[in-house]
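Down below is the structure, laid out as structure tokens.
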Amino acid sequence: MIDTSQLNKREYSSFGRKIKKQLIDKNMTAKQLADALGTTPQYLNKIIHGERSGEKYIEAIKSILDIAA
């Protein structure tokens, strides 16, 4: 029998892992971050999972979440 629990599980990009850690550390939701960036939570999710580069948001994300370069 196939274990279907892993079929739809997506991995975070390396930058996405940093984003998720800082969101937790700052007690902030992804929606709050997306709102601060002026984008949608869905687009932020694609950045976190490496499906979009999010190039125009990278510096703002780093600034908001205090992520070192």
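Of the residues making up region 26-69, those that are more than 15 Å from PHE15 (Cα to Cα) and either aromatic (Phe, Trp, Tyr) or outside any loop (DSSP other than H, G, I, E, B) (or both) number 8.
Output the number of the condition that ASP35 fails; it satisfies all remaining conditions of (1) closer than 22 Å to ALA68 by Cβ; (2) modelled with pLDDT of 95 or more; (3) open to solvent by 80 Å² or more (accessible area, probe 1.4 Å). Here ASP35 clears every test but (1).
Restricting GLU55, GLU51 to those that are open to solvent by 80 Å² or more (accessible area, probe 1.4 Å) and either among the acidic types (Asp, Glu) or over 11 Å from the mean Cα position of the chain (by Cα) (or both) reduces the list to GLU55.
The values are calculated or read from the model by the stated rules, or taken from the named source; none is laboratory data. Since we're looking at a predicted model, the values are computed, not measured. Here Cβ is always computed from backbone atoms with ideal geometry, including for glycine, and neighbour counts include all displayed protein chains. With ligands, DNA and RNA removed, areas are computed over all heavy atoms of the protein, side chains included. Shrake-Rupley method; radii C 1.70, N 1.55, O 1.52, S 1.80 Å.
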